[in-house]
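Encoded as structure tokens, the structure appears first; notes follow it.
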Amino acid sequence: MNEVTYEEIVRNVQEMCQKANFDLGEDVYAAFQEALSTETSDTGKEILNQLVENADIATQDRVPMCQDTGTAVFIVELGQDCRIVGGNLIDAINEGVAKGYQEGYLRNSMIYDPLNRKNTGDNTPAVVHIELVEGNSVTLHMTAKGGGAENMSRMKMLKPSDGLEGIKKYVLHVVEEAGPNACPPLVVGIGVGGNFERCTYLAKKSLFRPIGERHADETIAQLEFELMEDINRLGIGPQGMGGSTTALDVKIESAACHIAALPVAVNLNCHASRHQTVTLG
Amino acid sequence: MQKSIQLPLTKKDVQSLKAGDRVLLSGTVYTARDAAHKRMIEQDQAGEPLPIELTDQVIYYVGPTPAKPGQVIGSAGPTTSERMDLYTPRLLEKGLKGMIGKGHRNDAVKKAIVENGAVYFGAVGGAAALISRSIKSSEVMAYADLGTEAIRRLEIENFPVVVINDMYGGDVYEEGVSTFKKEAAEDQG
């Protein structure tokens with residue numbers, strides 16, 4: 001049985017929160033450059049240039065690229081032969097988030113209660129999903145998920161007869177309805193199948209995959225590609241002001257589902273697609 | 001073409017602006033987002049004066065990150081404007097001339113923009129580190145208890161925006177998207 005300490009998790013989470021907010025991933029940066037070479041709108045190009053400059057400033061000055069430093073969302077792959085010692089795993093993640101956000105001068109966006117709306121003051125609690133896997137290590141995937149794009153995310157229980165065309169139509173509808181609000185160019189995360197809650201989780205999980213990487217399953221990879229083409233023909237463009245770059249990428253994850261069901265969830269991510277991964281133990 | 005405008009806005013400035021114009025703003029703006037709007041409208045409904053004079057002013061929808069030592073303000077990009085839609089027509093009636101944010105406004109706000117001769121600007125969402133470089137000073141004016149959502153007075157210099165909704169009913173989101181959607185359809189044959 002391998003051991004990972006509470007303190008090790010706190011320290012690593014603390015660093016991930018800051019790195020995610022200061023350093024735009026190389027995958028997103030490369031996607032901006034690619035978009036700059038294909039974007040057909042002058043205003044769209046100007047916006048993309050501003051986003052590149054913004055990312056450079058954030059890295060150089062160690063300041064957040066966006067003022068919405070997000071909800072800290074974690075997917076934890078916990079090896080079943082790995083033991084967390086010195087305290088509770090979720091407490092360790094929350095302590096790391098609190099320390100990381102305070103030390104990094106990141107914004108506290110979490111409130112205790114959706115109705116009384118009082119700020120918790122340290123951006124906790126994080127949203128933590130734990131998957132039990134083979135092995136003796138623990139891998140933490142973290143994203144700082146902005147509120148604007150999350151607000152425009154949608155889920156629908158389609159009918160099995162709606163099929164592939166129904167899925168495409170629904171995704172395009174969600175992206176079109178979001179328009180400028182979700183801060184395009186977007187990363188579009190899609191869950192297909194599972195049940196009501198599994199489907200939305202799959203959509204979120206798909207957003208952790210790096211931009212430019214296609215799904216291992218050929219049918220899904222093809223659907224990702226086709227949706228990417230269709231979305232970029234909507235004309236929405238950078239910041240919704242018109243253009244040919246509406247999505248930087250489309251990601252799909254699927255799972256088994258009931259004979260009566262075809263659940264589809266669309267979790268939109270803004271261009272500040274911030275994710276970090278660390279493996280301990 | 002890029003225009004430069006000194007704030008507060010004059011009637012002439014607003015008349016000269018068309019949806020799609022790229023503009024550099026300099027001068028004073030006030031920050032307010034969800035909680036500050038709610039409180040201003042509650043005060044107004046109770047017959048109390050607002051904490052800031054709105055005539056000819058511009059409100060920027062932003063909740064900045066905390067300033068690091070030595071910084072004027074933290075990262076400060078626009079938040080989604082539609083959450084303020086419920087409160088905006090009343091503020092325009094009270095003299096507000098301009099808003100900076102991102103995303104769609106509802107029909108009631110677009111109508112109030114035309115009726116009151118106002119303008120809605122879009123800043124680049126997610127370009128918060130870049131934008132904060134055009135903010136030269138920041139002072140909390142009201143609602144300090146709201147933290148990031150307090151009303152601040154900012155002095156800005158060459159702050160880049162695009163006119164989204166003008167006083168003539170123009171809307172860059174509708175016009176821009178339909179132009180490029182058409183172009184994409186033609187390319188596909």
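When the C-alpha to C-alpha distance is required to be over 18 Å, the pairs from A:LYS99/B:LYS68; B:LYS18/B:LYS38; A:LYS118/A:LYS205; A:LYS19/A:LYS145; A:LYS159/A:LYS204; B:LYS38/B:LYS94 that qualify are B:LYS18/B:LYS38; A:LYS118/A:LYS205; A:LYS159/A:LYS204. You can think of it this way: the chain between A:GLN60 and A:ILE90 has 7.6 nm of extra reach, that is 0.36 nm per residue less the Cα-Cα gap. By other beta-carbon atoms within 10 Å, ranking B:PHE121, A:PHE225 with the fewest at the front produces A:PHE225, B:PHE121.
Counted by Cβ distance under 15 Å from A:ASP42, the other residues give a net charge of -3, where Lys and Arg count +1 and Asp and Glu count -1. GNM remark for chain B: springs join alpha carbons under 10 Å apart, and the peak mean-square fluctuation among B:LEU91, B:LEU17, B:LEU50 falls on B:LEU50.
Taking other C-beta atoms within 10 angstrom as a stand-in for reagent exposure, A:ARG214, B:ARG33 fall in the order A:ARG214, B:ARG33, fewest first. Rounded to the nearest 5, the antiparallel percentage of DSSP beta bridges internal to segment A:148-273 is 60%. Working from label points 7 Å from Cα in the Cα-to-Cβ sense, the A:GLU26 to A:GLU177 distance is 3.8 nm.
Taking a ≥ b ≥ c as the square roots of the eigenvalues of the Cα gyration tensor, an a/c ratio of 1.5 or more together with a/b larger than b/c marks segment A:148-273 as prolate. Partner aspartates and glutamates whose Cα lies under 15 Å from the Cα of A:LYS156, excluding those fewer than 8 positions away in the same chain, are identified as A:GLU165, A:GLU177, A:GLU197.
Backbone amide hydrogens, once placed in the peptide plane, bring B:LYS136 within less than 5 Å of B:GLU155, B:ILE156, B:GLU157, excluding anything fewer than 5 places away on its chain.
Taking A:GLY86, A:GLY96, A:GLY70 as the candidate residues, the one with maximal mean-square fluctuation in a Gaussian network model of chain A, Cα springs under 10 Å, is A:GLY86. With a simple spin-label model that places each label point 7 Å from the Cα along the Cα-to-Cβ direction, the separation between B:ALA108 and A:ARG83 comes to 6.0 nm. Other residues lying with their Cβ under 12 Å from the Cβ of A:ALA98 contribute a combined charge of -3, Lys and Arg counting +1, Asp and Glu -1.
With respect to chain B, whose longest principal axis is taken over its alpha-carbon atoms, helix B:172-188 is tilted by about 30°.
Applying 0.36 nm per residue to the separation of B:GLU48 and B:LYS3 and subtracting their alpha-carbon distance, the gain on full extension is 12.4 nm.
Each reported figure results from applying straightforward, stated rules to the coordinates on display, with no laboratory input. Just so we're clear, the structure is a prediction, and the values are computed from it rather than from any experiment. Counting neighbours? That spans all protein chains shown, and the Cβs are built from the backbone with ideal geometry, glycine included.
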